[in-house]
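*Asks:* Before anything else, here's the structure in question.
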Amino acid sequence: MSFWRVRIRPLAWLRSVHAKLFLLLGLVTSVLTVAVAYSITRNSRRELEVYSKRLVIEAAGTVETDIVERDPGFRDPEKLDQVLDSIAGPDRSIFQIDVFKRVGKGSEVELVRSSGDEQAVDWGPEIGSYLAIPAPQVELVALNTGSRAWKVYLPIRARKPGQASIGLIRAYCDLERWEVVWDNNLKRTVDTLPGVLIGEFILLWLILRMLISDPIEATVLAMEQLERGETGARVPVKRSDELGLIAARFNGMAVQLQRAGEERETLIREIRGLNTSLQDRIDTALSELQAKNAELAAMAERNALLREELGAQERLAVAGQLTATFAHEVGTPLNLVNGHLQLLEGRKDLPEKVRDRLGVIQAQIQRVSGIVRRMLDLTRRPQLYRKPQPFADLLEDLQHLWAPTLAAHGVAVAAQGPPDCCLDVDRKQMEQLFLNLMNNAVDAMPGGGTVELTARPAEESTPNGPWWELRFRDSGQGIPADLIGQVFRPMFTTKPEGKGTGLGLSICREIVRGHGGEIRIESTEGAGTTVVFTLPGAAPAASHPGKA
């Protein structure tokens, strides 16, 4: 009867659970089936490509091993032909292997043998660049025939480790036959897929009809009988699944309906009593909530006072740190001015050299004025004025600034850097950076010593230009291992009281990071300290053509 109802009333069937589940599950199963079929065929193609790629690499490796072990000087072409014939096969349609040898010590090569037509082998001077690759290089290329092929370059290593490669192997693996295999698999899958989907739909329709639709219709019929007052209505479904549980519950509900009517009045009276009790509890809870709200308001007021007090303390802390920074910044150039003035006091005439030092003093006084202006502007960070600065020119100017301090403390400076080293930095901040580092180094060597300053290209560069790694090493007392992690903290110093403010390395870190670099400390107690930091190099467009 259900089957005929579906045929006569298709619209009613489309609104049924059976139709919705059938359409949904049919769509899901068909999509999964198609996806699985597509995944299998795609994985099959990928496996064929991976297998052919591994095959051509192994073929090239076999030729390379045979040449290294038997004929590294390429003196026996016939033996090489035998190896190529054994690997490429009689029809030579799958593999083509070309063997080149190095000419001289450069990157020039010449063709030794090929498994194909040697007259048709295409090669040029650029093939010599593959002599230096560390591992086989594989790429998928398109052939003139319209098919694709794996192309492998493999250097022929020398017998002794560390020597340059003696030649090069170029191998091709045509994928035309593998494409035919994959096309056949795809065709068989497409031909079989419609039948599989139709079978799935038929089986799914029957299963859903038997498991879902028939039990639901029986349950609905029993409910209609119960609505008409037929208390003996029962659902003839005896199963252990959810639908069977619904039928059992329905049957039990029908038995309990009469009892439920008798208990209804009792329940109403109990509900009224519960409502009265619940109202009393609500009144009590409201009173408690009001008390809690008053307590929370008092806590919020106390928190506001605490935040205001904490803000005041933070402002005091910031003011103290700014004051210490101001003292440190002003002290450094004044020390230099004092050193030059002491030198002038010991002389009676004013030669040209003295006039140069007077110029340095004037520059430092101007620098002090600039620092004072920056410290007064507490809301802005100093703006960088980055320009290409040759490392040699920067060192020359720093030598004039360091000269009095180094002469007074017996410190020698050894600087070394490539001639083409050019930094893209703010000149004034670089002077401040190196002066802070030199002051720390001098304080760490009270009996004199040596400072080594070196520059070398950093290991990593960016598309915007190169980076340089600078190492500033002194032969002083060093830093204890447990204090290295704290040296960049503001106000932290290992110097005696009155000798330092604890801001020198903190300022150095801010200058380096402001230029996009990083800074770290390498130190061994009693063996000196090395400050390692990176700075950006001048971009190629900003380099100086007159400097090598």
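Computed from the coordinates by the stated procedures, all read-outs in this text should not be read as laboratory data. Small disclaimer: the values here were computed from a predicted structure and weren't measured. Reconstructed Cβ throughout: ideal geometry from the backbone, glycine too, with neighbour counts over all protein chains shown.
*Asks:* Which loop trypsin sites (Lys or Arg not before Pro) in the stretch 160-246, with loop taken from DSSP, have no more than 13 other Cβ atoms within 10 angstrom of their Cβ?
*Replies:* Sparse-neighbourhood loop trypsin sites (Lys or Arg not before Pro): R228, K238, R239.
*Asks:* Here's another thing I want to ask about it. So which chymotrypsin sites (Phe, Trp or Tyr not before Pro) in the stretch 382-486 pass both tests, a DSSP loop state and at most 13 other Cβ atoms within 10 Å of the Cβ?
*Replies:* Y385
*Asks:* Also: Which Cα, out of T41, L55, G195, lies furthest along the positive dipole direction of the stretch 1-229 (beta carbon charges, K/R +1, D/E -1)?
*Replies:* G195
*Asks:* Average projected area of the Cα convex hull of the stretch 20-120, in nm²?
*Replies:* For the stretch 20-120, the mean projected area of the Cα convex hull comes to 10.6 nm².
*Asks:* When the Kirkwood radius is taken over all Cα pairs of the stretch 203-263, what Stokes-Einstein diffusion coefficient follows at 4 °C and 1.567 mPa s, in µm²/s?
*Replies:* Approximately 104 µm²/s, per Stokes-Einstein.
*Asks:* Please report the net charge: other residues with Cβ closer than 11 Å to the Cβ of L453, K and R +1, D and E -1.
*Replies:* Net of charged neighbours comes to 0.
*Asks:* What size of dipole, in debye to the nearest 20, comes out for the stretch 1-229 about its Cα centre when the only charges are +1 on Lys and Arg C-beta atoms and -1 on Asp and Glu C-beta atoms?
*Replies:* Computed about the Cα centre, the dipole is about 980 debye.
*Asks:* May I pose another question? Straight-line reach from K187: which lysines fall under 29 Å, measuring Cα to Cα and dropping same-chain residues less than 8 apart?
*Replies:* Within the straight-line limit of under 29 Å, K187 reaches these lysines: K53, K151.
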